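In what follows, a single structure is set out as structure tokens and then discussed.
The values are calculated or read from the model by the stated rules, or taken from the named source; none is laboratory data. From a predicted model like this one, the values you see are computed outputs, not experimental measurements. So basically every Cβ, Gly included, is an ideal-geometry build from the backbone, and we count neighbours across all protein chains shown.
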Amino acid sequence: MRYLVVYSSRTGNTEKIAMEIFEALPGKSKDIQRVEEYKGEADTYFVGFWNNRGICSGDIMEFLDNLHGKQVAIFGTCGMGEDREYCSQVSRRVEALIPEDNRYLGSFMCSGKLSFEVLKKYRFMQKKEDSPWIRKMIQAYEEAMLHPDENDLKNARAFAEEIVSEKKENIYGDKRR
């Protein structure tokens, strides 16, 4: 198999992005699977995660640790997705989990809605002690409720298409990564 999209999704956000990436991949030599159902092999993996306190969840950590000699792109959703610097930090942390014998292809992050439990936690914290940080977290929660949106899906598709295009260019010696 040429492409495999493997993902973990807690609220459905990452699953939406995974589906869009899968649809953008060319040909019929592709599959999409939840990480807990993973089986099979591929040349190129698109690995999706939800942001879990600044990194991916344990099941994705374990999955990445067991990938060797592959081409790997990562994608994720994050309640703080509008904060590009934070998303870059999350991507770098997850990228660092990819064993060095793989070829890292790039990352894509977008905002994703959070569970209502997160807002309840922030409101409880705000009642105890209001602060600019708590207000920022509540604002990020509210902004994330509209995501992933059509623009996020379009960007996820473009990400997958760019990875595939750059791989083709690399095969023919036109471009180095």
Per the filter on the range 44-64, residues surrounded by fewer than 22 Cβ atoms within 10 Å (Cβ to Cβ) and small (Gly, Ala, Ser) are 54, 57, 58
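With 108, 116 as the choices, which residue is modelled with pLDDT of 90 or more and either in contact with a Leu (Cβ under 8 Å, 6 or more places away or on another chain) or at negative phi (or both)? Reasoning before the result, please.
Details: 116 fails: modelled with pLDDT of 90 or more.
Answer to the check: 108.
Only residues that are among the small types (Gly, Ala, Ser) and within 20 Å of residue 55 (Cα to Cα): list them for the range 108-167, please. If you could, list the steps in order and put the result at the bottom.
Taking the range 108-167 first, the residues among the small types (Gly, Ala, Ser) are 111-112, 115, 131, 140, 144, 156, 158, 160, 165.
Hits for the range 108-167 are 111, 112, 115, 140, 144, 156.
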Residue that is modelled with pLDDT under 95, surrounded by 18 or more Cβ atoms within 10 Å (Cβ to Cβ) and aliphatic (A, V, I, L, M), where the choices are 1, 80: 80
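Scan 22, 63 and give me the residue that is in a helix (DSSP H, G or I), touching a Ser or Thr at 6+ places or on another chain (Cβ under 9 Å) and of a type in the set (Phe, Trp, Tyr).
Numbers: 22 fails: touching a Ser or Thr at 6+ places or on another chain (Cβ under 9 Å).
One residue alone meets the criteria, 63.
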Subset of the range 23-50, residues of a type outside the set (Asp, Glu) and without any contact (Cβ under 8 Å) to a residue 40 or more places away in the chain, comes to 27, 28, 29, 30, 32, 33, 34, 35, 38, 39, 40
